[in-house]
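Where a number appears in this text, it was derived from the coordinates with a stated rule and is not lab data. Note that the structure is a prediction, hence the values are computed from the model and not measured. Cβ placement follows ideal geometry from the backbone for every residue including glycine, while neighbour counts extend to all protein chains displayed.
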């Protein structure tokens with residue numbers, strides 16, 4: 001059986017013998033929205049647990065919109081951000097009183113071309129755009145500590161606005177349960193110290209224990225990362241959120257607007273149902289990708305799909321996981337080099353507990369995969385010796401990776417997950 005997958009902006013072709021093909025995990029049972037404009041207007045007029053947006057703002061008030069960054073172009077913000085601004089205009093908010101904060105989190109702020117992709121060609125040029133930089137002290141203001149003890153530093157424009165609106169998209173998230181909602185604050189518009197303290201809660205409380213048992217995809221209750229994010233967002237007191245759910249193909253499936261927690265929870269429930277896909281059995285070999293550009297620009301992004309992929313792999317620790325991502329922009333931020341240079345999981349964890357960073361956690365999570373799989377393979381354009389340092393086998397093609405997997409498990413059955421970050425595998429009841 002022949003297949004062709006997106007790989008960066010290119011494609012890779014490969015074959016799986018029919019007797020070894022277990023199936024493909026993709027697709028949702030939800031029809032695309034026939035009219036995004038109409039669906040967005042309806043969500044803003046009849047939101048979840050909140051008055052309509054136009055009743056929350058007054059002419060002359062300063063309104064800040066936190067929006068997704070360049071690494072989330074799959075949310076197609078250029079399609080809906082101008083619509084939100086026009087809705088505010090009709091509510092009496094002038095463009096000069098609107099500030100869009102690009103919620104970059106720990107990512108590097110995009111340059112002009114990247115901003116145009118985020119905002120869209122129709123975005124009004126007289127709206128102020130702030131490129132959030134978590135490392136720039138001049139942009140940040142201190143709000144105190146969350147109930148978890150996390151020091152909360154946020155972008156001053158978010159704090160100084162009369163009304164703050166959070167926007168984003170909802171998919172399952174590797175350690176926060178789901179993206180969207182409160183994540184526009186932490187990590188979105190937060191300072192680096194805040195982000196690192198929050199994300200550090202994804203580690204087990206016991207040294208050597210790996211990742212916290214509740215810090216995983218689809219889990220909100222008892223998840224310390226999520227609960228701390230929510231506590232931080234409440235301190236900033238956003239008046240409204242607007243979250244979108246998109247299909248693997250980029251079609252809009254739902255719009256969830258309203259109160260910070262209730263609207264987000266409704267969107268998370270929708271995602272849990274929409275992206276849950278029954279699988280015939282857990283596989284000997286799982287081949288997983290995030291669907292190519294722009295979801296696989298870096299190692300960090302490519303490995304975001306690993307948690308869902310592991311849920312489809314045989315549970316005895318004897319399966320083979322193959323991750324696919326071109327990683328055309330390398331590992332990620334420069335500091336990834338240091339973490340890859342540390343070697344195995346024990347060294348990485350020890351350094352993480354001393355000096356937690358997002359890059360270190362990403363590398364640590366990848367290094368831990370060997371606990372649940374016989375072999376982990378990455379198909380990418382990264383230097384092989386770099387990938388090998390954390391116990392991951394490097395390959396340049398999917399075909400090569402499959403050959404290695406079948407040497408490990410002759411006649412191993414293969415399950416394909418071409419959009420693994422947006423598909424949640426589940427055994428049928």
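Note on segment 36-274: semi-axes of the ellipsoid equivalent to its C-alpha gyration tensor, largest first and rounded to whole Å, are 27, 20, 17. Relative to the dominant Cα principal axis of the chain, helix 260-274 is inclined by about 30°. Tally the DSSP beta bridges in segment 36-274 and give the antiparallel ones as a percent, rounded to 5. Within segment 36-274, antiparallel bridges account for around 45 percent of the total. Normalised by 2.2 N^0.38 Å, where N is the number of residues, the alpha-carbon radius of gyration of segment 283-427 equals 0.98.
Relative to the longest principal Cα axis of the chain, at what angle does helix 398-408 sit, 0 to 90 degrees, rounded to 10? In the chain, helix 398-408 runs at an angle near 50 degrees to the longest axis. A P(r) calculated from all alpha carbon pairs of segment 167-250, with 10 Å bins opening at zero, reads 18, 48, 28, 6, 0 percent. Against the chain, whose longest principal axis is taken from its Cα atoms, helix 36-45 shows a tilt of about 50°. Does segment 113-187 come out rounded, prolate or oblate by the C-alpha gyration tensor, with a ≥ b ≥ c the root eigenvalues, rounded set by a/c under 1.5 and, if not, prolate when a/b is larger than b/c and oblate if not? Oblate is the answer for segment 113-187, as a/c is 1.5 or above yet b/c matches or exceeds a/b.
In this simple spin-label model, placing a label point 7 Å from the Cα along the Cα-to-Cβ direction at both residue 37 and residue 113 gives a separation of 3.1 nm. Here the relative contact order of segment 36-274, from alpha carbon pairs under 8 Å that lie six or more residues apart, stands at 23 percent. Residues in segment 371-400 near a label at residue 407, defined as backbone nitrogen under 18 Å from the 7 Å Cα→Cβ point? Output list for this probe position: 374-380, 384-385, 387-389, 391-400. On a per residue basis, the convex hull of the C-alpha atoms belonging to the chain measures out at 136 Å³. Short-range pairs are left out: with C-alpha atoms under 8 Å and at least six residues apart, the relative contact order of the chain is 20 percent. Only beta bridges with both residues in the chain are counted; by DSSP, about 35 percent of them are antiparallel.
Estimated from helical segments only, the mean residue ellipticity of the chain at 222 nm is -8500 deg cm²/dmol, where each DSSP H run of four or more residues counts as -39500 (n - 2.57).
For segment 3-142, the relative contact order works out to 21 percent when only alpha carbon pairs closer than 8 Å and six or more residues apart are counted.
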